[in-house]
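The values are calculated or read from the model by the stated rules, or taken from the named source; none is laboratory data. Not measured: the values here are computed from a predicted model. Reconstructed Cβ throughout: ideal geometry from the backbone, glycine too, with neighbour counts over all protein chains shown.
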């Protein structure tokens, strides 16, 4: 009945910078774009980014001001996780693009884990399975 996670939604007030990070640094490809009229003449901009069949839907509202988000764990979005082939190479590549790990890497029994953040401060876990 259920097949897979279709997409993860990220709401951003920095759509161009966020799209560039996911495409230029992490290798996602733009799958499509939509503009959806909202109440009060607002416009919701959607960009669908694909990586290996997983989609991140970037959402931004024209003219909307960001609201303060709670720090730490909270109900709702926490993070997405990307599987990497080689943790050391992935972290070296990211560092060459100005992206530092905010946590890890940590060796577990059957995996290595680290975390980075995107331009919005959203956490992205990196996982290498052994």
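Please enumerate the residues belonging to region 79-102 that are surrounded by 15 or more Cβ atoms within 10 Å (Cβ to Cβ), in contact with a helix residue (DSSP H, G or I) (Cβ under 8 Å, 6 or more places away or on another chain) and closer than 20 Å to residue 19 by Cβ.
The answer is 94, 99.
Of all residues in region 35-53, which are surrounded by 11 or more Cβ atoms within 10 Å (Cβ to Cβ) and either at pLDDT 90 or above or in the same structural domain as residue 124 (by TED's automatic domain parsing) (or both)?
45, 46, 47, 48, 49, 50, 51, listed by residue number.
Assuming residue 20 fulfils every condition listed in (1) at pLDDT below 85; (2) surrounded by 12 or more Cβ atoms within 10 Å (Cβ to Cβ) apart from one, which condition is it?
(1)
Residue by residue through region 33-56, note down the ones that are over 22 Å from residue 122 (Cα atoms) and assigned to a strand (DSSP E or B).
Of all residues in region 33-56, those over 22 Å from residue 122 (Cα atoms) come to 34-43.
Those that are over 22 Å from residue 122 (Cα atoms) and assigned to a strand (DSSP E or B): 34, 35, 36, 37, 43.
For the subset of region 103-130 comprising residues that are touching a helix residue (DSSP H, G or I) at 6+ places or on another chain (Cβ under 8 Å) and not in a strand (DSSP E or B), which member is surrounded by the most Cβ atoms within 10 Å (Cβ to Cβ)?
118
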